[in-house]
Amino acid sequence: MAFRGDGSRLALGSAGRDLAIWDLSTPRRPVRMTALRWDGGIAAAAWNPAAVALLATISADGGVATWRVVDDRPPQLIGTTPDARDRPQHLAWLSGGKQLFSSTTLGRVTVWDADGTPLAHRGRTVEGLVVAAYGWAAATVLVTHLGHVEMWNPATQMAKARVLPGRVVASAHSGSLLAVAYDNEWIEIIDHELERIAIVRHSWPPPVALAFAPDSRSLVMATADGSLAVVGDDQSIWWQRPGDGSAPTGLAVASGRLAVVGPDETVTVLDLRSGDMAQ
């Protein structure tokens with residue numbers, strides 16, 4: 001899933017491998033506007049951080065596409081890349097939305113220019129399977145299930161890696177921080193130098209999903225029974241609510257709103273600060 005920066009649109013994958021675009025202008029009544037379809041299905045999506053109407057997707061065959069999604073108009077396909085040698089599963093923007101990168105579960109990275117030209121490639125450099133991929137300015141960041149984090153700048157070819165103390169069960173990224181949850185009762189907060197700056201200890205089961213607010217002021221945690229909690233940057237609990245017994249399939253934060261996707265692909269939009277239904 002991908003939450004647009006203004007909080008009004010949510011791109012959500014479905015069991016049929018199409019990508020539904022939800023209108024969240026009225027948060028209490030999310031409306032499924034349209035769907036993007038591509039041969040073989042869509043595996044991942046990312047909204048451009050600078051151009052809110054620009055959405056990038058990865059198809060199941062490894063091709064990367066960019067779309068213009070404006071108001072109630074049909075989505076417009078504006079560019080495609082050749083199919084990748086390996087099928088990527090992750091997608092993120094770099095350099096303020098000027099470049100894209102895709103990565104496979106084995107850690108192979110391709111950086112693309114806005115016109116679809118591949119600029120740089122990097123083979124497997126991480127231990128374990130990649131469970132999350134993020135862009136930090138001009139650098140790619142990969143997190144594996146075995147606790148290996150690698151940051152690589154394709155322009156300078158500089159790389160930095162760190163091995164985390166445990167098996168990763170969930171991770172989340174903001175503009176300046178990375179949160180990594182382990183299979184125990186703590187979450188590590190890491191800065192852009194891959195240095196630990198804080199530990200969040202909790203008494204809940206290991207989170208299955210995490211989401212940072214874009215300003216890094218809060219972190220959302222969801223557990224396997226659907227319980228939710230939001231922790232502030234001073235490690236105080238803003239709010240928590242019990243679950244309904246089923247784990248959410250996605251969390252995302254944008255513009256003070258928290259989007260929670262249930263296993264039946266229902267979308268609930270909450271106020272990030274209070275936990276109430278968003279207005």
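The values are calculated or read from the model by the stated rules, or taken from the named source; none is laboratory data. Quick caveat: nothing in here was measured; it's all calculated off a predicted structure. Cβ: placed from backbone, ideal geometry, glycine included. Neighbour counts: every protein chain shown. In case anyone asks, the SASA skips ligands and DNA or RNA and just uses the protein heavy atoms, side chains included. Shrake-Rupley method; radii C 1.70, N 1.55, O 1.52, S 1.80 Å.
Could you give every pair whose Cβ atoms fall below 6 Å, whose first residue belongs to segment 1-26 and is farther than 15 Å from T266 by Cα, and whose second residue is crowded, with 18+ Cβ neighbours inside 10 Å and of a type in the set (K, R), counting only separations of at least 6 or pairs across chains? As it stands, the answer is G7/R257, since those pairs meet every condition given. Might you let me know whether segment 64-82 holds any residue that is in contact with a Phe, Trp or Tyr (Cβ under 7 Å, 6 or more places away or on another chain), closer than 25 Å to A20 by Cα and not in a strand (DSSP E or B)? Within segment 64-82, one or more residues are in contact with a Phe, Trp or Tyr (Cβ under 7 Å, 6 or more places away or on another chain), closer than 25 Å to A20 by Cα and not in a strand (DSSP E or B). If the condition is being among the hydrophobic types (A, V, I, L, M, F, W, C), open to solvent by 10 Å² or more (accessible area, probe 1.4 Å) and in a loop (DSSP other than H, G, I, E, B), then segment 208-222 contributes only V208. The condition of being touching a residue at least 12 places away in the same chain (Cβ under 8 Å) and in contact with a Leu (Cβ under 9 Å, 6 or more places away or on another chain) holds for D86. Would it be correct to say that G96 is surrounded by fewer than 20 Cβ atoms within 10 Å (Cβ to Cβ) and under 17 Å from A2 (Cα atoms)? Here the answer is yes, as G96 does meet what is asked.
Filtered by the rule that a residue be out of contact with any Gly (no Cβ under 8 Å at 6 or more places or on another chain) and assigned to a strand (DSSP E or B), segment 137-149 gives A139, T140, V143, V149. Considering only residues that are in contact with an Asp or Glu (Cβ under 7 Å, 6 or more places away or on another chain) and part of a loop (DSSP other than H, G, I, E, B), look in segment 177-207 and name the one that is most open to solvent (accessible area, probe 1.4 Å). Going through the qualifying residues, I end up with S203. No other residue among T26, T105, T57 is in a strand (DSSP E or B) and of a type in the set (S, T, Y) apart from T57. Screening H173, H121, H148 for residues that are within 26 Å of D61 (Cα to Cα) and open to solvent by 10 Å² or more (accessible area, probe 1.4 Å) leaves exactly one candidate, H121.
If we scan segment 154-167, do we find a residue that is over 22 Å from L106 (Cα atoms) and at pLDDT below 90? Looking for residues that are over 22 Å from L106 (Cα atoms) and at pLDDT below 90, one finds none in segment 154-167, hence no.
Conditions tested, residue by residue: (1) modelled with pLDDT of 90 or more; (2) surrounded by 18 or more Cβ atoms within 10 Å (Cβ to Cβ).
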position	(1), (2)
R37	no, no
G63	no, yes
L77	no, no
G107	yes, yes
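Residue count for segment 1-23 under the criterion of being of a type outside the set (D, E, K, R) and part of a strand (DSSP E or B): the result is 10. Within segment 13-32, being modelled with pLDDT of 85 or more and either crowded, with 18+ Cβ neighbours inside 10 Å or of a type in the set (F, W, Y) (or both) holds for L19, A20, I21, W22, L24, P27, P30. In the condition set (1) at pLDDT 90 or above; (2) of a type outside the set (D, E); (3) over 16 Å from the mean Cα position of the chain (by Cα); (4) buried (at least 16 other Cβ atoms within 10 Å of the Cβ), A50 is compliant with all but (4). Answer yes if at least one residue in segment 223-246 is open to solvent by 30 Å² or more (accessible area, probe 1.4 Å), under 30 Å from A50 (Cβ atoms) and under 18 Å from the mean Cα position of the chain (by Cα), and no otherwise. Checking segment 223-246: not a single residue is open to solvent by 30 Å² or more (accessible area, probe 1.4 Å), under 30 Å from A50 (Cβ atoms) and under 18 Å from the mean Cα position of the chain (by Cα). Among the residues here, A43 qualifies as touching a residue at least 40 places away in the same chain (Cβ under 8 Å), open to solvent by 10 Å² or more (accessible area, probe 1.4 Å) and outside any loop (DSSP other than H, G, I, E, B).
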